[in-house]
Amino acid sequence: MNRAPIVLAALVLAEVVGAVEATMIFAALRTFNAEFGNPVMVGWIVTAFLLAAAASASLCSRLGDMFGRRRMLLGVLAVAGAGSLVSAFATGVVGVIAGRAIQGVSGAVLPLCFGLVRESLPPARVPFGIGVISAAAFVSAGAAIFIGGVLVDHLTWHSIFHVGAATALLAWFAVWFGVPRSPRAPSSEPVDVLGAVLLVPAITGLLVVLSQSRHWGWADGRTWGLMIASLATLVLWLRHELRTPSPLIDVRLLGHRQLALANIGVALLALGPLQHGLVMSQLLQQPSWTGAGLGLSATTAGLLLAPPMALAMLVGPGCGALAARRGARVPALWASAILLVGWAGIALQHASVAFVAAMTVLQGIGMAAAYAVVPMLIVEVAPSERTSETTGVSAVLRYIFNAVGSQVVAVMLAHATVSDPAHGPGNYPAASAFELALVVIAGLCVVSLMVTACLPVRGRVGEQEAAIRGKFA
């Protein structure tokens, strides 16, 4: 019996949990602000999840490689579901934040799923499987925001967390019955406790600085003090990981060409194109009298952003099929080129709804392809016993640089504003602010294309994997 479809279905449902936990909350932020009346604490509802997700992606992915990915995924789903229940029954913002921090453990779901795809599927089907999982992550993340809005409009914000808990429970049973046990015995390697002790506070400190810098200000001693302490801890962690014989994360692997370039690509995508929602939602909905916005309703804007989500279900598996035949470099080049056309087009012309809609489709296709192909590039050369670890590092980089990018884009959009009391209160980004943000993101797409072009061709990939295994076996 061919179990591949059953395994993929179970892992897709597991990844839906990760997407629901991560993005559905955005639909309720306005409701939280109205109910709790504390924007700073409401911001921590997002930040707490982000901090826990980054830590989980780095720790649980490696522990899954060592002690069994299926076992670790089941544990992560159980903890994430429990976090949803904590938030669902919370009566105040502190309880919601606590539940969100527990939910953040779901940040390890995606790298664990990638490891299980490689572990459970025939080698020829691995790129396709990764494409399916990546497409599911991309589509469900967008759909979760829409579903969350429906729940908040017709029920209460508690229903978001009830749905999260129910989804986690379904996914737990799907993984239990649908994913086979690991064929390998659990690792006898010692757990790098010191690596975990140093890494988690370093990442947490950096993300707190990025999330709170807008409130504290860059002249505040807390900002610089926490940043210096976090960077110093990160340097100590790096030194320790290079010296220990059994590191939590083998950073030496990142010194190899394809792994290094793939992770540079992740950072560039997170800094630029992943800010799509932040930039495009404002551009589409901002009043036209400002000289920059298209004046669309939230519903219409959502409909314009929906087609790329639907196309992602075809793009991800398609990239997997192409990577299986010609290597992951080829779809990576196509993804970078399509992203560049989409963002450069809007940077040059963003006054027409029809043109912006067309470029938005290209952006979505390019983003879906990039989202799928980056783990393919990593899995293509990473040692199989470290698959979740190496993709987990990529997830951590995405969290960190996504946070950096959101701050940078927010500053660019705020550098020039317009207002008109005749049209009501509020300041809006000026046309020059949007143009600056769009040009910078298009420029990052150019750099991403250049980095992708430096990837080794398929004939050299096998040599790289052999070199990695020979050095770190």
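Below are the figures for this structure:
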read-out	value
Qualifying residue in the stretch 252-266 (condition: in contact (Cβ under 8 Å) with a residue 40 or more places away in the chain, open to solvent by less than 60 Å² (accessible area, probe 1.4 Å), among the hydrophobic types (A, V, I, L, M, F, W, C) and in contact with a Cys (Cβ under 7 Å, 6 or more places away or on another chain))	yes
Count of residues meeting criterion [surrounded by fewer than 23 Cβ atoms within 10 Å (Cβ to Cβ) and either modelled with pLDDT of 75 or more or not charged (D, E, K, R) (or both)] in the stretch 23-34	8
Restricting the stretch 61-89 to residues that are of a type outside the set (A, V, I, L, M) and modelled with pLDDT under 80, the residue that is nearest to residue 404 (Cα to Cα)	61
Selection from the stretch 59-112 of residues that are among the hydroxyl-bearing types (Ser, Thr, Tyr) and open to solvent by less than 20 Å² (accessible area, probe 1.4 Å)	61, 84, 87, 106
Number of the exception - residue 296 against (1) in a helix (DSSP H, G or I); (2) at pLDDT below 80; (3) open to solvent by 10 Å² or more (accessible area, probe 1.4 Å); (4) not β-branched (Val, Ile, Thr)	(1)
Residue in the stretch 235-246 that is under 29 Å from residue 46 (Cα atoms) and at pLDDT below 75 present	no
Pairs, first closer than 12 Å to residue 403 by Cβ in the stretch 201-230, second surrounded by 19 or more Cβ atoms within 10 Å (Cβ to Cβ) and β-branched (Val, Ile, Thr), C-beta under 6 Å, six or more apart	211/47
Selected residue (criterion: farthest from residue 194 (Cα to Cα)) from residues of the stretch 219-235 that are within 26 Å of the chain's Cα centre (by Cα) and open to solvent by 60 Å² or more (accessible area, probe 1.4 Å)	228
Complete set of residues in the stretch 311-331 that are part of a helix (DSSP H, G or I), closer than 12 Å to residue 127 by Cβ and open to solvent by less than 10 Å² (accessible area, probe 1.4 Å)	316, 320, 323, 331
Condition check for residue 392: open to solvent by less than 20 Å² (accessible area, probe 1.4 Å) and touching a Pro at 6+ places or on another chain (Cβ under 6 Å)	yes
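The values are calculated or read from the model by the stated rules, or taken from the named source; none is laboratory data. Since the model is a prediction, treat every value here as computed from it, not as a measurement. As a convention, Cβ positions derive from the backbone with ideal geometry for all residues, glycine included, and neighbour counts pool all protein chains shown. Keep in mind that these areas ignore ligands, DNA and RNA; they rest on the heavy atoms of the full protein, side chains included. Shrake-Rupley method; radii C 1.70, N 1.55, O 1.52, S 1.80 Å.
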